[in-house]
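Working notes for the structure below.
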Amino acid sequence: MYRLRKYIGRRRLVVSFGTLAMIGLLSALVLTLVQYQRAETALFHANARFEDARELSQSVVFDVYDSIDEISGTLEARTKIAELVSDYTDNLAGDPNAPDDVLFDVGVLKMRVGELYGGIGLANLGDIRRGRRLLAQGDEALSALVERSPDNLDGVAELAMVKRVRTMQALNYDFDTSAAREFNAEAEEIIQEG
């Protein structure tokens, strides 16, 4: 204690600055930990809201749309639902670093909404051009997923399905057998590789 008092007495200025620096560092550490905890809490809540939005969009496009599809006079409501889900998937697709499950959802929802706009063999909204564009976007998202994760069998199956739907559209809407063969060959290749 004697030596410590002598040391502090001789170097008051250095000890004062050292103490202030230590207090500053500890304060910064505490502040960083508090901010980190707030960010983690915000991320948890954002992820929960995102999962809720994903479930809602899937429910809307698969359950609600199919339920009102059989009711006459619901064309306007079905169009609004399709546009809502299309906008939602556009926002999701804008993230180049989207995780695999998001790419899968984008691909599947784009395919489904594409079929709602201009599918073959089912009641659709009659906008074949928009349906094709959505199917192409679904194809793109699922292709990116399968390229990134070739072992994702759900992604492989959905990508093959998109290719088959595009095959049917090329045949039925355009009578374009070469495009249909190309999409069909891509589907077969995907299935064989998967």
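Rg then Dmax, both in Å and based on the Cα atoms of the stretch 1-128: 29.4, 95. Taking 0.36 nm per residue of separation and subtracting the Cα-Cα distance, full extension of the segment from residue 174 to residue 189 would add 3.1 nm.
Please work out the average accessible area per residue across the stretch 82-173, using the 1.4 Å probe convention, and give it in Å². Walk me through the numbers before you get to the answer.
Details: 4210 Å² over 92 residues.
Per-residue value: 46 Å².
Relative to the longest principal axis of the Cα atoms of the chain, the long axis of helix 75-93 lies at roughly 40 degrees. The stretch 77-107 to the stretch 152-194: how many Å between their Cα centroids? Spelled out, the Cα-based centre of one part sits 21 Å from the other. Here the stretch 33-82 exposes an accessible surface that is 59 percent carbon and sulfur, computed with a 1.4 Å probe and the other protein chains kept in place.
Report, to two decimal places, the Cα Rg of the stretch 60-194 normalised by 2.2 N^0.38 Å (N = number of residues).
Numbers: Rg = 14.8 Å, N = 135, 2.2 N^0.38 = 14.2 Å.
In units of the 2.2 N^0.38 Å rule of thumb, it is 1.04.
Could you tell me what percent of the accessible area of the stretch 97-194 is made up of carbon and sulfur, with a 1.4 Å probe and every protein chain present? Display every interim value, and only then the final one.
Numbers: 2460 of 4960 Å².
Looking at the stretch 97-194 in its full context, I get 50 percent from C and S.
For residue 110, the lysines whose Cα falls under 22 Å of its own Cα, not counting residues fewer than eight places away in the same chain, are 80, 163. Using a probe of 1.4 angstrom and keeping all protein chains present, the accessible surface of the stretch 1-69 works out to 85 square angstrom per residue.
Across the stretch 11-73, counting alpha-carbon atoms alone, Rg and Dmax equal 26.7, 90 Å. For the stretch 103-194, the set of chymotrypsin sites (Phe, Trp or Tyr not before Pro) satisfying both a DSSP loop assignment and a count of at most 16 other C-beta atoms within 10 Å is given as 175.
Around the Cα centre of the chain, unit charges on the Cβ atoms of Lys, Arg, Asp and Glu (plus for the first two, minus for the last two) sum to a dipole of about 2480 debye. From the Kirkwood radius over Cα pairs of the stretch 1-42, Stokes-Einstein at 4 °C and 1.567 mPa s returns a whole-number translational diffusion coefficient of 105 µm²/s.
Work the Kirkwood hydrodynamic radius out for the stretch 136-179: mean of 1/r over every pair of different alpha-carbon atoms, inverted, in Å. Before the final figure, lay out each step's value.
Working: mean 1/r = 0.0916 Å⁻¹.
Hydrodynamic radius (Kirkwood, Cα pairs) of the stretch 136-179 is 10.9 Å.
Taking only DSSP H segments of four or more residues, each worth -39500 (n - 2.57), what value at 222 nm results for the chain once the sum is divided by all its residues, to the nearest 500 deg cm²/dmol? Kindly include the intermediate steps, with their values, before the conclusion.
Details: 8 runs with 160 residues, N = 194.
Counting only the DSSP helices, I get -28500 deg cm²/dmol.
The values are calculated or read from the model by the stated rules, or taken from the named source; none is laboratory data. Quick caveat, the model's predicted, so the values are computed rather than measured. No Cβ is skipped: glycine too gets one built from the backbone with ideal geometry, and neighbour counts run over all protein chains shown. Accessible surface areas use protein heavy atoms only, side chains included; no ligands, DNA or RNA. Shrake-Rupley method; radii C 1.70, N 1.55, O 1.52, S 1.80 Å.
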